[in-house]
1. Within the stretch 360-367, is even one residue in a helix (DSSP H, G or I), among the hydroxyl-bearing types (Ser, Thr, Tyr) and under 26 Å from residue 287 (Cβ atoms)?
2. Could you say which residue among 297, 275 is out of contact with any Cys (no Cβ under 9 Å at 6 or more places or on another chain) and either modelled with pLDDT under 85 or assigned by TED's automatic domain parsing to the domain that holds residue 349 (or both)?
3. For the stretch 331-350, indicate whether the set of residues that are charged (D, E, K, R), part of a loop (DSSP other than H, G, I, E, B) and in the same structural domain as residue 264 (by TED's automatic domain parsing) is non-empty.
4. Scan the helices (runs of 4 or more DSSP H) fully inside the stretch 138-252 and keep the ones with 2 or more residues being hydroxyl-bearing (Ser, Thr, Tyr) and at pLDDT below 90.
5. Select, from 125, 189, the only residue that is of a type in the set (Gly, Ala, Ser) and in contact (Cβ under 8 Å) with a residue 12 or more places away in the chain.
6. Taking only the stretch 266-312 into account, find how many residues are without any contact (Cβ under 8 Å) to a residue 12 or more places away in the chain and in a loop (DSSP other than H, G, I, E, B).
7. Can you list the strands (runs of 3 or more DSSP E) found entirely within the stretch 1-108 that contain at least 2 residues being small (Gly, Ala, Ser) and under 28 Å from residue 246 (Cα atoms)?
8. Criterion first (in contact with a His (Cβ under 8 Å, 6 or more places away or on another chain), at pLDDT 85 or above and buried (at least 20 other Cβ atoms within 10 Å of the Cβ)) does residue 116 satisfy it?
Amino acid sequence: MRASFSLGKLFGIPIRINYTWFLILILLTLSLATGFREVQADLAPVVYWVAAFFGSLLFFGSVLAHELAHSLVARAQGSPVRDITLFLFGGVSSIEKEADQPLQEALMAGVGPATSMVLALFFGALSWLLNPLSALVGAFFSQLALVNGLLAIFNLLPGLPLDGGRILRAVVWKVNRNYRRATGIAAMAGRVISFLMIIGGLVLTYISLQAGQLNWNGLWFIFIGWFMDNAATQSYKQMLLQEALRGVTVADLMTADCTRVPRALSVAQLVDHYVFHRGGRCFLVTDDERLSGLLTVHNVRTLPREQWPYTPVGEVMTPYQELVLAHPGEDAWTVLLRMDQRNVNQVPVEEEGRLLGMLSRENLLRYVRTRAELGM
């Protein structure tokens, strides 16, 4: 997920925070501070704000535990985990390989809500034990128990992209032994749930406006429903893409006759002879037969135009050490995930130090489109 920064690693898994996370952190802190003041009104204002802030952090710690449970089970089953990102709607684990069997899918999906429910029971017990000592402390842990319980229940709704949708997919997959059909059913269920949330949000908003006061929960339902609908649709499209690339290697799709340019060539010559006349967008920069780097139109655009005539392409290219590379025998889907992770549109293909060609995102998408046109 882009627009995020690294927070470190847990169990070797990178943890990232998306900038939208700060918005929900502020809103949640405001909400908790108001609630704590109503529980015990005789304390200094700073106490409510500090308690609310730490309550918000513990809530996101609970979300992180939920996602970490998914990731650790996935990794134990041989599915690499790229990272975990906390964002506006909670958190997401970037698991690079889907489950091979329905039981694996159900385990990976079910462990998240189970973790949230255990946390809800734990915080609920703390609230019950400590409430006689302090109403504020009791309310603090009571809110954490409530949000973890709601998180578990919401994630068990039977529709993608929620955990309940993945459990539904595992059940249907087990029954009819068709992963594609199971994903389609779970995605459709997710879209139905999202539409119901949007309709419910619209009704709540209309009723509140009729009463003369806007109900923010209605708008929140609409927002979450819209997000779920998009995520369910993307889940199905990703499955179709993965299915289309199943068993396809980089060697099957790469372009062998790539345009190569010497690193001493000036940027102006490159633009005149290769970009305008030949329509090229991406070039392999070589030093004799050795790959030195990769040059794209984006690289050229970063250089002031008056410097084009006397600047060699070797000075503005992406150097070899920074390139995302592929090997001819690699699975095409795996390489596509790598391209998404590094935000690149093409990768050079090498084997034992020899440059064999180039694989671009367009190569992959053209193959998928052709399959669709042929009804495959």
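1. Among the residues of the stretch 360-367, not one is in a helix (DSSP H, G or I), among the hydroxyl-bearing types (Ser, Thr, Tyr) and under 26 Å from residue 287 (Cβ atoms), which makes the answer no.
2. 275
3. no
4. Correct list: 179-210, 216-244.
5. 189 is the lone residue from the list that is of a type in the set (Gly, Ala, Ser) and in contact (Cβ under 8 Å) with a residue 12 or more places away in the chain.
6. Matching residues across the stretch 266-312 total 4.
7. 90-95
8. Here the answer is yes, as residue 116 does meet what is asked.
The values are calculated or read from the model by the stated rules, or taken from the named source; none is laboratory data. Computed from a predicted model, the values in this text were never measured in an experiment. All Cβ positions, even for glycine, are placed from backbone atoms using ideal geometry, and neighbour counts span all protein chains on display.
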